[in-house]
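Here the structure is laid out as C-alpha coordinates; the discussion comes afterwards.
The values are calculated or read from the model by the stated rules, or taken from the named source; none is laboratory data. Because the structure is a prediction, the values reported are computed rather than measured. When we count neighbours, we look across all protein chains shown, and the Cβ atoms used for this are built from the backbone with ideal geometry, even at glycine.
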Amino acid sequence: MRVGVVAGEPSGDYLGAGLIEALSRRIPEIELVGVGGPLMEQAGMKKLYDMERISIMGLDELLQSVRDILRIRRALYRYFLEQEISLFVGIDVPDFNLGLEGKLRQNGVTTVHYVSPTVWAWRGYRIRKIKRSVSHMLTLFPFEASYYERHGVPVDFVGHPIADEVDKDYDKAEIRAGLGMPTEGTRIAALLPGSRMIELQKLGELFIEVARELGRRIPDIRFVAPFANNETRSYFQSLLEKNPGVRVDVVDGMSRTVIAASDAALLASGTAALEAALLRVPMVVTYKGSWVSAVLVRMLAHVDYFSMPNHLLDEPIVPEFFQADATVENLVGAMSRYLLDREYSRTVSDSFGAIMSALCCGANERAAEVVASLITD
(Lines give C-alpha, C1' and ligand atoms only; values in the text may rest on other atoms or scores of the structure.)
Protein backbone atom coordinates (compact mmCIF):
# COMPACT_ATOMS: atom_id res chain seq x y z
CA MET A 1 0.00 0.00 0.00
CA ARG A 2 1.68 3.18 -1.23
CA VAL A 3 0.68 6.77 -0.41
CA GLY A 4 2.09 9.92 -1.99
CA VAL A 5 2.85 12.89 0.25
CA VAL A 6 4.09 16.39 -0.62
CA ALA A 7 5.05 19.16 1.82
CA GLY A 8 6.99 22.27 0.90
CA GLU A 9 8.08 24.12 4.04
CA PRO A 10 9.15 23.47 7.67
CA SER A 11 5.64 23.73 9.12
CA GLY A 12 4.42 21.16 6.57
CA ASP A 13 7.39 18.92 7.34
CA TYR A 14 6.39 19.01 11.01
CA LEU A 15 2.73 18.20 10.27
CA GLY A 16 3.70 15.53 7.76
CA ALA A 17 6.00 13.75 10.18
CA GLY A 18 3.25 13.52 12.80
CA LEU A 19 0.79 12.20 10.23
CA ILE A 20 3.27 9.64 8.87
CA GLU A 21 4.07 8.30 12.33
CA ALA A 22 0.39 8.01 13.25
CA LEU A 23 -0.49 6.37 9.91
CA SER A 24 2.37 3.88 10.25
CA ARG A 25 1.06 2.80 13.64
CA ARG A 26 -2.38 2.19 12.14
CA ILE A 27 -1.17 0.55 8.92
CA PRO A 28 2.30 -1.00 9.50
CA GLU A 29 2.68 -2.09 5.86
CA ILE A 30 2.09 1.39 4.44
CA GLU A 31 4.75 2.99 2.20
CA LEU A 32 4.95 6.77 2.00
CA VAL A 33 6.84 8.51 -0.78
CA GLY A 34 7.11 12.06 -2.03
CA VAL A 35 8.50 15.46 -1.05
CA GLY A 36 9.28 16.71 2.42
CA GLY A 37 11.98 17.66 4.87
CA PRO A 38 14.18 15.89 7.41
CA LEU A 39 11.34 15.22 9.86
CA MET A 40 9.18 13.41 7.29
CA GLU A 41 12.15 11.43 6.04
CA GLN A 42 13.05 10.44 9.59
CA ALA A 43 9.42 9.38 10.17
CA GLY A 44 9.73 6.91 7.29
CA MET A 45 8.91 8.69 4.03
CA LYS A 46 10.98 7.94 0.94
CA LYS A 47 12.06 11.38 -0.28
CA LEU A 48 12.07 12.07 -4.02
CA TYR A 49 12.94 15.80 -3.80
CA ASP A 50 13.98 18.22 -1.07
CA MET A 51 11.07 20.38 -0.06
CA GLU A 52 13.08 23.57 -0.61
CA ARG A 53 12.81 22.89 -4.35
CA ILE A 54 9.07 23.60 -4.32
CA SER A 55 8.85 26.04 -1.44
CA ILE A 56 7.54 29.43 -2.52
CA MET A 57 6.41 32.49 -0.61
CA GLY A 58 4.51 35.01 -2.65
CA LEU A 59 4.93 36.18 -6.21
CA ASP A 60 8.62 37.06 -5.84
CA GLU A 61 9.83 33.50 -5.25
CA LEU A 62 7.37 32.00 -7.73
CA LEU A 63 8.81 34.09 -10.58
CA GLN A 64 12.35 33.10 -9.62
CA SER A 65 11.83 29.32 -9.67
CA VAL A 66 8.68 28.58 -11.67
CA ARG A 67 10.37 26.39 -14.30
CA ASP A 68 11.94 24.02 -11.79
CA ILE A 69 8.74 23.85 -9.74
CA LEU A 70 6.61 22.93 -12.77
CA ARG A 71 9.13 20.32 -13.89
CA ILE A 72 9.08 18.67 -10.46
CA ARG A 73 5.29 18.68 -10.38
CA ARG A 74 5.09 16.95 -13.79
CA ALA A 75 7.63 14.35 -12.66
CA LEU A 76 5.71 13.64 -9.45
CA TYR A 77 2.45 13.27 -11.35
CA ARG A 78 3.97 10.65 -13.67
CA TYR A 79 5.67 8.86 -10.80
CA PHE A 80 2.56 8.62 -8.62
CA LEU A 81 0.49 7.23 -11.50
CA GLU A 82 3.18 4.71 -12.45
CA GLN A 83 3.46 3.58 -8.83
CA GLU A 84 -0.35 3.28 -8.58
CA ILE A 85 -0.55 5.08 -5.25
CA SER A 86 -3.60 4.36 -3.10
CA LEU A 87 -4.02 7.98 -2.03
CA PHE A 88 -2.28 11.35 -2.18
CA VAL A 89 -1.85 13.82 0.70
CA GLY A 90 -0.86 17.39 -0.15
CA ILE A 91 0.29 19.26 2.94
CA ASP A 92 -0.16 23.01 2.59
CA VAL A 93 1.71 24.76 -0.35
CA PRO A 94 -1.59 25.03 -2.25
CA ASP A 95 -0.10 26.76 -5.29
CA PHE A 96 1.89 23.57 -5.89
CA ASN A 97 -0.34 20.87 -4.46
CA LEU A 98 -3.77 21.82 -5.78
CA GLY A 99 -2.59 21.53 -9.38
CA LEU A 100 -1.07 18.13 -8.69
CA GLU A 101 -4.13 16.99 -6.77
CA GLY A 102 -6.42 18.03 -9.61
CA LYS A 103 -4.56 15.96 -12.19
CA LEU A 104 -4.30 12.94 -9.89
CA ARG A 105 -7.99 13.08 -9.01
CA GLN A 106 -8.87 13.16 -12.71
CA ASN A 107 -7.04 9.85 -12.94
CA GLY A 108 -8.99 8.24 -10.12
CA VAL A 109 -6.64 8.95 -7.20
CA THR A 110 -8.25 10.01 -3.91
CA THR A 111 -6.68 13.30 -2.83
CA VAL A 112 -6.47 14.76 0.67
CA HIS A 113 -5.38 18.32 1.29
CA TYR A 114 -4.02 18.86 4.81
CA VAL A 115 -4.05 22.51 5.97
CA SER A 116 -6.68 24.68 4.39
CA PRO A 117 -5.56 27.31 1.90
CA THR A 118 -6.57 30.74 3.15
CA VAL A 119 -9.38 30.79 0.61
CA TRP A 120 -11.66 32.13 3.35
CA ALA A 121 -9.34 35.15 3.69
CA TRP A 122 -8.37 36.06 0.15
CA ARG A 123 -8.70 34.83 -3.44
CA GLY A 124 -12.06 33.25 -2.62
CA TYR A 125 -12.50 32.17 -6.24
CA ARG A 126 -10.05 29.32 -5.51
CA ILE A 127 -12.87 27.34 -3.87
CA ARG A 128 -13.90 26.19 -7.36
CA LYS A 129 -10.46 24.69 -7.98
CA ILE A 130 -10.41 23.15 -4.51
CA LYS A 131 -13.77 21.44 -5.13
CA ARG A 132 -12.41 19.96 -8.38
CA SER A 133 -9.05 18.92 -6.95
CA VAL A 134 -9.62 17.77 -3.37
CA SER A 135 -11.51 14.64 -2.37
CA HIS A 136 -11.24 15.50 1.33
CA MET A 137 -9.98 18.52 3.27
CA LEU A 138 -8.32 18.37 6.69
CA THR A 139 -8.34 21.67 8.58
CA LEU A 140 -6.36 22.82 11.58
CA PHE A 141 -8.97 25.34 12.72
CA PRO A 142 -12.70 24.87 13.38
CA PHE A 143 -13.95 27.93 11.48
CA GLU A 144 -12.26 26.59 8.32
CA ALA A 145 -14.25 23.36 8.48
CA SER A 146 -17.46 25.38 8.66
CA TYR A 147 -16.42 27.26 5.53
CA TYR A 148 -15.90 24.04 3.54
CA GLU A 149 -19.14 22.54 4.77
CA ARG A 150 -20.96 25.59 3.41
CA HIS A 151 -19.27 25.07 0.04
CA GLY A 152 -19.93 21.34 -0.21
CA VAL A 153 -16.35 20.10 0.23
CA PRO A 154 -15.92 16.94 2.39
CA VAL A 155 -13.96 18.08 5.42
CA ASP A 156 -12.75 17.17 8.92
CA PHE A 157 -11.39 19.53 11.55
CA VAL A 158 -8.50 17.71 13.24
CA GLY A 159 -6.98 20.36 15.51
CA HIS A 160 -3.38 21.52 15.60
CA PRO A 161 -0.45 19.31 16.73
CA ILE A 162 1.30 22.27 18.32
CA ALA A 163 -1.63 22.65 20.73
CA ASP A 164 -1.19 19.00 21.73
CA GLU A 165 2.51 19.54 22.46
CA VAL A 166 2.50 22.83 24.34
CA ASP A 167 2.70 22.53 28.12
CA LYS A 168 -0.32 24.42 29.42
CA ASP A 169 1.25 24.93 32.86
CA TYR A 170 4.86 25.75 32.03
CA ASP A 171 7.01 27.68 34.50
CA LYS A 172 8.40 30.84 32.86
CA ALA A 173 11.07 31.34 35.52
CA GLU A 174 12.25 27.75 35.09
CA ILE A 175 12.47 28.15 31.31
CA ARG A 176 14.44 31.38 31.69
CA ALA A 177 16.86 29.73 34.07
CA GLY A 178 17.37 26.92 31.54
CA LEU A 179 18.28 29.49 28.91
CA GLY A 180 20.66 31.26 31.26
CA MET A 181 18.42 34.33 31.51
CA PRO A 182 17.48 36.35 34.61
CA THR A 183 14.36 34.90 36.22
CA GLU A 184 13.15 38.28 37.52
CA GLY A 185 13.89 41.98 37.31
CA THR A 186 14.45 41.91 33.54
CA ARG A 187 11.95 42.22 30.73
CA ILE A 188 12.59 39.77 27.92
CA ALA A 189 11.41 40.28 24.35
CA ALA A 190 11.57 37.59 21.67
CA LEU A 191 12.43 38.64 18.12
CA LEU A 192 11.35 36.28 15.35
CA PRO A 193 11.82 38.03 11.98
CA GLY A 194 11.07 34.85 10.01
CA SER A 195 12.49 31.43 9.23
CA ARG A 196 13.31 32.17 5.59
CA MET A 197 15.92 34.41 4.00
CA ILE A 198 13.36 36.40 2.04
CA GLU A 199 11.61 37.30 5.31
CA LEU A 200 14.85 38.27 7.01
CA GLN A 201 15.84 40.48 4.11
CA LYS A 202 12.57 42.38 4.54
CA LEU A 203 12.38 42.45 8.34
CA GLY A 204 15.83 41.87 9.83
CA GLU A 205 17.03 45.48 9.95
CA LEU A 206 13.59 46.69 11.01
CA PHE A 207 13.57 44.36 14.02
CA ILE A 208 17.06 45.50 15.02
CA GLU A 209 15.97 49.15 14.87
CA VAL A 210 12.95 48.29 17.01
CA ALA A 211 15.29 46.63 19.55
CA ARG A 212 17.50 49.72 19.57
CA GLU A 213 14.58 52.04 20.34
CA LEU A 214 13.02 49.73 22.92
CA GLY A 215 16.40 49.53 24.64
CA ARG A 216 16.44 53.32 24.91
CA ARG A 217 12.97 53.38 26.46
CA ILE A 218 13.29 50.30 28.71
CA PRO A 219 16.84 50.02 30.10
CA ASP A 220 16.31 46.62 31.75
CA ILE A 221 15.10 44.88 28.57
CA ARG A 222 16.85 41.89 27.00
CA PHE A 223 16.30 40.56 23.47
CA VAL A 224 16.53 36.96 22.28
CA ALA A 225 16.25 35.81 18.65
CA PRO A 226 16.03 32.09 17.76
CA PHE A 227 16.93 30.84 14.27
CA ALA A 228 16.20 27.49 12.68
CA ASN A 229 19.34 27.20 10.53
CA ASN A 230 22.87 28.53 10.13
CA GLU A 231 22.05 30.55 7.02
CA THR A 232 19.39 32.72 8.67
CA ARG A 233 21.35 32.98 11.92
CA SER A 234 24.51 34.11 10.12
CA TYR A 235 22.59 36.67 8.09
CA PHE A 236 20.97 38.17 11.18
CA GLN A 237 24.30 38.27 13.00
CA SER A 238 25.83 40.12 10.05
CA LEU A 239 23.07 42.73 10.40
CA LEU A 240 23.83 43.05 14.11
CA GLU A 241 27.51 43.66 13.34
CA LYS A 242 26.46 46.63 11.20
CA ASN A 243 24.44 48.00 14.13
CA PRO A 244 26.80 48.37 17.10
CA GLY A 245 25.09 49.13 20.36
CA VAL A 246 22.16 46.75 19.81
CA ARG A 247 22.50 43.61 21.89
CA VAL A 248 20.46 40.59 20.86
CA ASP A 249 21.17 37.09 22.15
CA VAL A 250 21.02 34.83 19.08
CA VAL A 251 20.29 31.13 19.70
CA ASP A 252 19.96 28.01 17.58
CA GLY A 253 16.40 26.73 17.28
CA MET A 254 14.29 26.62 20.43
CA SER A 255 11.82 29.19 19.09
CA ARG A 256 9.00 27.83 21.24
CA THR A 257 11.20 27.89 24.34
CA VAL A 258 12.34 31.44 23.63
CA ILE A 259 8.76 32.64 23.16
CA ALA A 260 7.70 30.93 26.41
CA ALA A 261 10.51 32.70 28.27
CA SER A 262 9.46 36.12 26.98
CA ASP A 263 7.21 38.88 28.26
CA ALA A 264 6.30 39.82 24.68
CA ALA A 265 7.23 38.76 21.16
CA LEU A 266 7.73 40.62 17.90
CA LEU A 267 6.97 38.18 15.07
CA ALA A 268 6.86 37.82 11.35
CA SER A 269 3.40 36.57 10.41
CA GLY A 270 3.26 32.77 10.39
CA THR A 271 3.23 29.73 12.64
CA ALA A 272 5.15 31.55 15.37
CA ALA A 273 2.09 33.72 16.02
CA LEU A 274 0.01 30.64 16.77
CA GLU A 275 2.75 29.26 19.04
CA ALA A 276 2.85 32.54 20.95
CA ALA A 277 -0.93 32.47 21.41
CA LEU A 278 -0.86 28.87 22.65
CA LEU A 279 1.90 29.86 25.08
CA ARG A 280 -0.21 32.87 26.10
CA VAL A 281 2.58 35.32 25.26
CA PRO A 282 1.45 38.77 24.04
CA MET A 283 2.71 39.50 20.53
CA VAL A 284 2.99 42.04 17.76
CA VAL A 285 2.75 40.61 14.24
CA THR A 286 4.14 42.17 11.08
CA TYR A 287 4.72 41.33 7.44
CA LYS A 288 6.48 42.94 4.49
CA GLY A 289 6.51 41.71 0.92
CA SER A 290 7.11 43.21 -2.49
CA TRP A 291 4.85 46.04 -3.62
CA VAL A 292 3.32 43.66 -6.19
CA SER A 293 2.38 41.14 -3.50
CA ALA A 294 1.00 43.93 -1.32
CA VAL A 295 -1.23 45.26 -4.11
CA LEU A 296 -2.55 41.77 -4.86
CA VAL A 297 -3.33 41.11 -1.19
CA ARG A 298 -5.20 44.38 -0.83
CA MET A 299 -7.17 43.73 -4.03
CA LEU A 300 -8.10 40.12 -3.31
CA ALA A 301 -8.40 39.95 0.48
CA HIS A 302 -11.80 39.75 2.14
CA VAL A 303 -10.73 39.81 5.80
CA ASP A 304 -9.35 42.63 7.91
CA TYR A 305 -6.65 40.64 9.75
CA PHE A 306 -3.80 38.40 8.65
CA SER A 307 -2.55 36.71 11.87
CA MET A 308 -4.28 33.49 12.89
CA PRO A 309 -4.84 34.39 16.58
CA ASN A 310 -7.10 37.26 15.53
CA HIS A 311 -9.24 34.85 13.51
CA LEU A 312 -9.55 32.43 16.42
CA LEU A 313 -10.66 34.97 19.00
CA ASP A 314 -14.11 36.51 19.34
CA GLU A 315 -12.46 39.94 19.30
CA PRO A 316 -9.11 40.57 17.56
CA ILE A 317 -6.51 41.75 20.07
CA VAL A 318 -3.15 41.15 18.36
CA PRO A 319 -1.63 44.32 16.82
CA GLU A 320 -0.81 43.78 13.13
CA PHE A 321 1.34 45.96 10.90
CA PHE A 322 1.42 45.24 7.16
CA GLN A 323 3.75 46.78 4.56
CA ALA A 324 4.02 50.58 5.01
CA ASP A 325 2.50 50.35 8.49
CA ALA A 326 5.41 48.17 9.64
CA THR A 327 7.46 51.08 10.97
CA VAL A 328 9.80 51.36 13.92
CA GLU A 329 7.41 53.81 15.59
CA ASN A 330 4.38 51.52 15.28
CA LEU A 331 6.17 48.36 16.36
CA VAL A 332 7.89 50.03 19.30
CA GLY A 333 4.61 51.57 20.45
CA ALA A 334 2.77 48.24 20.40
CA MET A 335 5.60 46.32 22.09
CA SER A 336 6.05 49.04 24.74
CA ARG A 337 2.43 48.74 25.79
CA TYR A 338 2.91 45.05 26.60
CA LEU A 339 6.24 45.57 28.33
CA LEU A 340 5.23 48.58 30.43
CA ASP A 341 1.57 47.85 31.18
CA ARG A 342 1.53 44.59 33.13
CA GLU A 343 -2.24 44.57 33.59
CA TYR A 344 -2.91 44.98 29.87
CA SER A 345 -0.36 42.29 29.06
CA ARG A 346 -2.03 39.90 31.53
CA THR A 347 -5.46 40.55 30.00
CA VAL A 348 -4.17 39.69 26.52
CA SER A 349 -2.42 36.59 27.83
CA ASP A 350 -5.59 35.34 29.51
CA SER A 351 -7.57 35.83 26.31
CA PHE A 352 -5.32 33.38 24.49
CA GLY A 353 -6.46 30.51 26.73
CA ALA A 354 -9.54 30.00 24.54
CA ILE A 355 -7.31 29.14 21.56
CA MET A 356 -5.68 26.25 23.41
CA SER A 357 -9.08 24.86 24.40
CA ALA A 358 -10.29 24.93 20.80
CA LEU A 359 -7.25 23.36 19.14
CA CYS A 360 -5.98 20.70 21.57
CA CYS A 361 -7.68 17.51 20.39
CA GLY A 362 -5.09 14.92 19.25
CA ALA A 363 -4.49 16.25 15.73
CA ASN A 364 -2.04 13.65 14.43
CA GLU A 365 -4.25 10.73 15.38
CA ARG A 366 -7.40 12.40 14.09
CA ALA A 367 -5.76 13.18 10.75
CA ALA A 368 -4.40 9.64 10.46
CA GLU A 369 -7.82 8.19 11.25
CA VAL A 370 -9.42 10.10 8.39
CA VAL A 371 -6.65 9.25 5.91
CA ALA A 372 -6.70 5.58 6.89
CA SER A 373 -10.47 5.41 6.41
CA LEU A 374 -10.13 6.90 2.92
CA ILE A 375 -7.45 4.39 1.99
CA THR A 376 -9.69 1.55 3.18
CA ASP A 377 -12.68 2.91 1.26
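Pull out all pairs, ordered by first then second residue, where Cβ-Cβ is under 6 Å, the residues are six or more apart or on different chains, the first lies in segment 71-95 and is surrounded by 14 or more Cβ atoms within 10 Å (Cβ to Cβ), and the second is of a type in the set (S, T, N, Q) and not in a loop (DSSP other than H, G, I, E, B).
87/110; 88/111; 90/97
Every residue in segment 1-16 that is outside any loop (DSSP other than H, G, I, E, B) and under 15 Å from the mean Cα position of the chain (by Cα), please.
Scanning segment 1-16 gives 7, 10, 11, 12, 13, 14, 15, 16.
When the residues of segment 203-249 are filtered to those that are touching a residue at least 12 places away in the same chain (Cβ under 8 Å) and of a type in the set (Gly, Ala, Ser), which remaining residue is farthest from residue 268 (Cα to Cα)?
Selected residue: 245.
Does residue 377 satisfy the condition of being acidic (Asp, Glu) and modelled with pLDDT of 90 or more?
no
Among the numbered criteria (1) within 17 Å of residue 205 (Cβ to Cβ); (2) touching a strand residue (DSSP E or B) at 6+ places or on another chain (Cβ under 8 Å), which one does residue 239 miss?
Every listed condition holds for residue 239 apart from (2).
Right, residue 33: surrounded by fewer than 24 Cβ atoms within 10 Å (Cβ to Cβ) and more than 14 Å from residue 372 (Cα to Cα) or not?
It is true that residue 33 is surrounded by fewer than 24 Cβ atoms within 10 Å (Cβ to Cβ) and more than 14 Å from residue 372 (Cα to Cα).
Give the residue, chosen from 315, 343, that is at pLDDT 95 or above and either in contact with a helix residue (DSSP H, G or I) (Cβ under 7 Å, 6 or more places away or on another chain) or surrounded by fewer than 16 Cβ atoms within 10 Å (Cβ to Cβ) (or both).
Answer to the check: 343.
Would you confirm whether or not segment 320-331 contains a residue that is part of a helix (DSSP H, G or I), within 18 Å of the chain's Cα centre (by Cα) and within 26 Å of residue 123 (Cα to Cα)?
No, the conditions are met nowhere in segment 320-331.
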